[in-house]
Amino acid sequence: MSAGTVIVGAGQAGAQLATSLRENGYPDGIALIGDEPHTPYHRPPLSKEYMAGGIAGTELPIRTAEYYQGQDIWLRTGAAVSSIDRGATCIVLATGERMPYEHLVLATGSRNRRLSFDDSEPANVHYLRTRDDAARLRSALTDARNVLIVGAGFIGLEFASVAVGRGARVTVVEMADRVMGRAVSTEISAHFTDRHTATGVKVLCSTSIDEFVRSDDGLVTALRIHGQLHDADLVLVGIGVIPNAELAQDAGLTVDNGIVVDSSLATTDPSIFAIGDCASHPRPESSGRVRVESVQNAADQARFLARQLCAATEELNGGYKDVPWFWSHQAGDKLQIAGLSQPGDQSLILGDPATGRFSVCRLRDDQLVAIESINSPGDHLASRKLLASGLPLDEAQLSAPGFSLRTALSAATLTAAPTSR
């Protein structure tokens, strides 16, 4: 057996890559190394079903330890990698052990941005990224009566839904002028502000925190905002993430808001790849690079790279270009997004928002680039397929009487189908 493939990072991307390599017949050794003590687990339920008590921690693992053993995947948990020795084509663990590789894949993910405190971090200030984070937060929520959430992104708002459902008084503080401002249109932001407010969540946008008021034991007891005190016995901070790119940077690989890779997901060293949240990659619909934070992107990049490493060269044509998609459950609604939008993109609404089921098409240079759907799984599925088809759709077509995404998909499918003779 050769040195094979070493995967640093046992999250969704790393675990999917190890599995997909074996499914594609990869014959050599596979080592999957993670710094957490757990076998690879599903992250999306941490802020949703697991936090709400709908599933147990035992239901989070993606596969059992026996599965990895049976597939001859060497899974090593609780192991930190300290450096990459590119000259010797090996990695160095924190223990000093050296592990050779033929291919090295960095699936190191990202970590939470943290608030800065003058002294130690208060014990009742929480972050949510890992399984252990989620376990601590779920336990703390049991007795919490006043929950303050800093940041109105996906994590903060999903936790707000769970906390208010558990009877807590919930306040969300956001510096930007609307919720989820970096990810969705103003129409979707307004919809969810209304929905959260209707459930009893207090949403304060364009608001900054003047002071964390602390007790003698260091716990946060209140936040001072515009001179007023807001009681708090639990604080969740969700203000974005930072890609874990230091290992690559220290090894001399190019880093720019993530580990820079080309369309084949290779770094500036052709034997080293990066996938998932930590990878900054080119997109066909963008002139720049993007770093996509989603489970779907992590899994799809892993599947693409597995086919590539197993010499399925046809997959290299055009490089990685799967359509990104996302989902979130908040305030009783399901949000699904296909494609990547930007704050300046134009919006066009399909359906009636008053019904609670509608979609927002996002256009750039008069071309459809993304669709955000509320409680409309059919629209979302059609959106993903339409964007993947490359069929150009402009404002005139989208606003034509009787237009629907599913009808447009059917027409595109018929056009693409080979003519029978």
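The values are calculated or read from the model by the stated rules, or taken from the named source; none is laboratory data. In this text the structure is predicted, and so the values were computed from the model without any measurement. Here the Cβ is made from the backbone with ideal geometry for all residues, glycine too, and neighbour counts use every protein chain on show. Remember, those area values only see protein heavy atoms, side chains included, never the ligands or the DNA or RNA. Shrake-Rupley method; radii C 1.70, N 1.55, O 1.52, S 1.80 Å.
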Quick one: Cα centre-to-centre distance for the stretch 270-289 and the stretch 130-198, in angstrom?
-> 30 Å
Given the Cα-Cα distance of T355 and S389 and 0.36 nm per residue of separation, how much length would full extension add, in nm?
-> 9.3 nm
Toward the positive end of the charge dipole of the chain, about the Cα centre and with charges on Cβ (Lys, Arg +1; Asp, Glu -1), which of S383, I259, I188 goes farthest?
-> S383
Order the peptides 345-354, 367-376, 185-194 from the highest to the lowest mean number of other Cβ atoms within 10 Å of their residues.
-> 367-376, 185-194, 345-354
Extension gain from S120 to D132, taking 0.36 nm per residue of separation minus the Cα-Cα distance = 2.4 nm
Centroid-to-centroid separation of the stretch 390-415 and the stretch 75-115 [C-alpha atoms, Å] = 47 Å
Can you give me the pair-distance distribution of the stretch 80-121, C-alpha pairs, 10 Å bins, whole percents?
-> 23, 35, 20, 18, 4
Can you pull the percent of the chain's accessible area that's carbon plus sulfur, 1.4 Å probe, other chains left in place?
-> 49 percent
Order of 202-212, 242-252 by packing, highest average Cβ count within 10 Å first?
-> 242-252, 202-212
Which is farthest toward the positive dipole end of the chain among G218, A134, G165, measuring Cα position about the Cα centre, with Cβ charges +1 (Lys, Arg) and -1 (Asp, Glu)?
-> G165
Can you figure out the FRET efficiency of K334 with D269, using R₀ = 51 Å and their beta-carbon distance, to the nearest 0.05?
-> 0.80
Given unit charges at Cβ for Lys, Arg (+) and Asp, Glu (-), the dipole magnitude of the stretch 90-165 about its Cα centre in debye, nearest 20, is 160 debye
Hey, rough spin-label estimate for K202 and S139, points 7 angstrom out along Cα→Cβ, what's it come to in nanometres?
-> 2.9 nm
Please name whichever of Q71, G109, I30 sits farthest to the positive end of the charge dipole of the stretch 4-125, dipole taken about the Cα centre and charges placed at Cβ: Lys and Arg +1, Asp and Glu -1.
-> G109
Quick calc, A80 & A56: beta-carbon distance into FRET formula, R0 30 Å, rounding 0.05, result 0.60
Computed helical MRE - 222 nm, the chain, DSSP H runs ≥ 4 contributing -39500 (n - 2.57), nearest 500 | -7500 deg cm²/dmol
Given (i) 66, 64, 36; (ii) 94, 46, 39; (iii) 69, 57, 35 as possible values of Cα extents along the principal axes in Å, the one from the coordinates is (i)
Note to self: with every protein chain in place and a 1.4 Å probe, the stretch 269-406 gives an accessible area per residue in Å² of 42 Å²
Answer in debye to the nearest 20: the dipole magnitude of the chain about its Cα centre, from +1 Lys/Arg and -1 Asp/Glu charges placed on Cβ, is 820 debye
Equivalent-ellipsoid semi-axes of the stretch 189-279, from the Cα gyration tensor, Å, largest first = 41, 20, 10
Based on the mean of other Cβ atoms within 10 Å per residue, sort peptides 326-335, 138-147, 157-166 so the most packed one is first.
-> 157-166, 326-335, 138-147
If R0 is 51 Å, what FRET efficiency do you get for R166 and A3 from their C-beta distance, rounded to 0.05?
-> 0.55
Run the quick spin-label model on S287 and E211: label points 7 Å from Cα toward the beta carbon, then report their separation in nm to one decimal.
-> 4.9 nm
Using a 1.4 Å probe, what is the accessible area per residue for the stretch 166-240, in Å²?
-> 50 Å²
Magnitude of the charge dipole, the stretch 167-318, Cβ model with Lys/Arg +1 and Asp/Glu -1, debye to 20 = 360 debye
Remind me, relative contact order of the stretch 189-343 in percent, using alpha carbon pairs under 8 angstrom and six or more residues apart?
-> 13 percent
Once you put a point 7 Å from the Cα of R113 and another 7 Å from the Cα of H226, both along the Cβ direction, what distance in nm separates them?
-> 2.3 nm
When only Cα pairs under 8 Å and 6 or more residues apart are kept, what is the percent relative contact order across the chain?
-> 14 percent
